[in-house]
Structures are given as structure tokens and as C-alpha cells.
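The values are calculated or read from the model by the stated rules, or taken from the named source; none is laboratory data. Only a predicted model underlies this, so the values are computations on that prediction, with no experimental measurement involved. FYI the Cβ positions are ideal-geometry reconstructions off the backbone, even for glycines, and counts take in every protein chain you see.
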Amino acid sequence: MRHLGNVYSFYVEKWKKLNACACLKLIFAFFVIIFVTYLLSIFSYLLNEFVFQSNIYNTECDRCRGAATESSQIASFPRHIHQVYYPQDGSSELPVRLQNTQRSCRVQNPDYAYTLWDEQRVLKLINEDYPELLNLYLSYEKWIWRVDMARYLFIYHYGGFYLDMDMECIQGLEAIREGAERNRSSVVVRMTDPVGFSNDLFAATPRHPFMCSVVTALPHAKRWFVFPYATNMYSIGTTFFWGRYLNNPRKSEFHILPHYRDYIVHYHDSSWHHWDGKVVWYFFNHAFLFWTLLAIIFICIGVIYIYFLKVESTIDVVKSLRHV
């Protein structure tokens, strides 16, 4: 009887271990399925945004809805420069380097109105004119995401030029404004590396349909793109901004600056970059090293794959010899 009891206990323990392994496998498979499904949803969004260019949203912002169909030629560019600064060190005073760049833009554009936005002023604009967007704004956890949303919103509302704080003006913006209006353009953008538009320098007429599409697309683009840099770029940053252009049916209204460095020196403070952004830009600036490392990785994978094929073939040969 003791022997039967031991056998029973042995098989019970074995069954428990098997069940535990099976449960762990099921849990792992469940999370893998969720993650893959999420990646597929991101892939679908990116395809529709950047390949098929079929993402059109004009429903989230009550005040923006009318702009979706209005003509953008009814107004000219206001002579108004907007900048935004959210202090990260607890001090409301601009750092000296930013005071210098700010001063340069005001000196080079003496006939332009100037507004420096802080979060209090941004919240006042949202509360008074776009209360339906307040929860979206507050849902952005990082300061750079709130700054991005703020710049889109106040350029939509007031029109004019937006410049990052780390941009020094070496010429006035009037030549850009006159060139855009001469071409009957109502949006000014600049190209960026490696592709697309940047959102560090742009301009639009008030209530422009393009800026409407930017603002109303924000809730749909608010996703986690696995890495911090990619999340910023694709959900609210420069790549998102470029995607809105790709989905815009009136591309003739855009004045794309061919030589923005004739007007601006950009010091690329990049204070929001995470480790992955620094890695991306390091390899972008060292393309030969990137392609060399990529080739080495593929070669190593190929060597390992061939090695395991040979090991598996050897095992099969040994097994066949044993059966002879």
C-alpha cells in the first residue's frame, strides 16, 4: 500500500508540474498575442497614415470642425511670432542661451507681435476656447508632448509663425511671409532629416484646415510606439506633423522652405531626447558604422543558423545509425 501511495504521490506531483508549465505557457502565449495584436494595430495606423494616406479626422475639436471645409485663402499670415517655454528646473526665467535666441528673433522682426507661451497661458486658451481638448492635453504625461499640442493649437487659433526657443533669427521672417503669399500659400513648413517636415518652424493663416486636421488627429495618434523616441515622433512630434501633410488633399497650399538656414540658426537643444533618440541620431550621423554593424549582425545570425542546421543534421545521422 505504501508503494502505491508513493506512486500516486509521484504522479500527482508530476501532474502539478505539468499544469504549472502549461499555465505559464498559456500566460506567455496570451501576452504575446496581445502584444502582436497591438503591433498590428500600430502597423495598420502607420500604413493608413503614411502609405495609403487615408486618415482624415475632423471630429474631436468642436471649434475646429468648421475649418475643415473653409477656404484657407480668406486670410493672410499675421505678423506674429509665437514661442513656448515650459521650465524644467522650477525657475520661470529663461536660460541665458534662450534669452539670446529670443532676443534675436524680436530684433530681426521689429514689426511683428510676439507671444511667449507658458503652461498657464496655454491652459487659459484651452479652458476658454477648447474645453473639449482639456482632458487630452492633461493626459500627456511628458512636458514635450504638451508643448507640441500647445504649438499646434495656438497656431491654429491665432495664425502666425512658430519657432522653437533654440532658434536664432539671422534674418527677418517677412521675406518668408511675402514669398508664401506671393505663391498663394497659406502654410509654411520646412523639410527635416532624414525625411518629412519639422514642427520646430512653421506658419499658417488663422483657423487653417491643415492645422485643424493636426489638432483633431491628436487623439487618434496617441499611441505607444514601444520606444520613447518613436512614441514622441509618431504620436505628436515631427513625423506625426508630416503625416498630416501627406493626408491633406490641398498640398498646393504649402510653401516648403528650401533654404531655411538663410533665416534661422538651429542649435538643436533636443532637451526631450531619450537614450533611444540619441542612439538613432548617432547612427544617422555615422551611417557607415550603422550598416557595418547591421551586416555583422546578419552574418552572425546566418552563421548561428548554419551551425544549428549542421548540429541537427548530425543528430539525425546518429539516430539513423542507431536504428541500423
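Conditions first: (1) at pLDDT below 65; (2) in contact with an Asp or Glu (Cβ under 8 Å, 6 or more places away or on another chain). K319 passes all but one, so which condition is the exception? Only one criterion is unmet by K319, namely (2). Filtering Q73, Q83, Q88, Q53 for residues that are polar (S, T, N, Q), on the phi > 0 side of the Ramachandran plot and either modelled with pLDDT under 85 or surrounded by 15 or more Cβ atoms within 10 Å (Cβ to Cβ) (or both) leaves a single hit, Q53. Applying the criterion of at least 1 residues that are of a type in the set (A, V, I, L, M) and modelled with pLDDT under 90 to the helices (runs of 4 or more DSSP H) found wholly in the range 180-297 leaves 228-235, 275-285. Among (1) over 19 Å from the mean Cα position of the chain (by Cα); (2) closer than 30 Å to V107 by Cβ; (3) in contact (Cβ under 8 Å) with a residue 60 or more places away in the chain; (4) surrounded by fewer than 18 Cβ atoms within 10 Å (Cβ to Cβ), where does R182 come up short? Unmet for R182, out of (1) over 19 Å from the mean Cα position of the chain (by Cα); (2) closer than 30 Å to V107 by Cβ; (3) in contact (Cβ under 8 Å) with a residue 60 or more places away in the chain; (4) surrounded by fewer than 18 Cβ atoms within 10 Å (Cβ to Cβ): (3).
Conditions tested, residue by residue: (1) over 19 Å from the mean Cα position of the chain (by Cα); (2) buried (at least 20 other Cβ atoms within 10 Å of the Cβ).
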position	(1), (2)
L173	yes, yes
E178	yes, no
T192	no, no
F241	no, yes
R244	no, yes
K251	yes, no
P258	yes, no
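Can you find a residue that is more than 20 Å from F241 (Cα to Cα), assigned to a strand (DSSP E or B) and modelled with pLDDT of 95 or more anywhere in the range 105-113? Scanning the range 105-113, I find at least one residue that is more than 20 Å from F241 (Cα to Cα), assigned to a strand (DSSP E or B) and modelled with pLDDT of 95 or more, so the answer is yes.
If I ask for residues that are part of a loop (DSSP other than H, G, I, E, B) and either under 21 Å from D148 (Cα atoms) or small (G, A, S) (or both), which ones from the range 78-104 would you list? Scanning the range 78-104 gives P78, Y85, Y86, P87, Q88, D89, G90, S91, S92, E93, L94, P95. Can you pull out every residue in the range 195-248 that is of a type in the set (D, E, K, R) and under 24 Å from E174 (Cα atoms)? Selection gives D200, R207.
Quick check, is Y137 in contact (Cβ under 8 Å) with a residue 60 or more places away in the chain, under 29 Å from R106 (Cβ atoms) and crowded, with 16+ Cβ neighbours inside 10 Å? No, not satisfied.
Does K25 satisfy the criteria of being modelled with pLDDT under 85, more than 38 Å from the chain's Cα centre (by Cα), outside any loop (DSSP other than H, G, I, E, B) and of a type in the set (D, E, K, R)? Criteria not met by K25. Checking each residue in the range 183-216 for being of a type in the set (G, A, S) and closer than 15 Å to A150 by Cα picks out A203, A204, S213. Among the residues of the range 188-216, those identified as of a type in the set (V, I, T) and farther than 16 Å from Y158 by Cβ are V189, T192, V195, T216. Exactly one residue among N100, N109 is in contact with a Gly (Cβ under 6 Å, 6 or more places away or on another chain), assigned by TED's automatic domain parsing to the domain that holds T216 and of a type outside the set (A, V, I, L, M, F, W, C), and that residue is N109.
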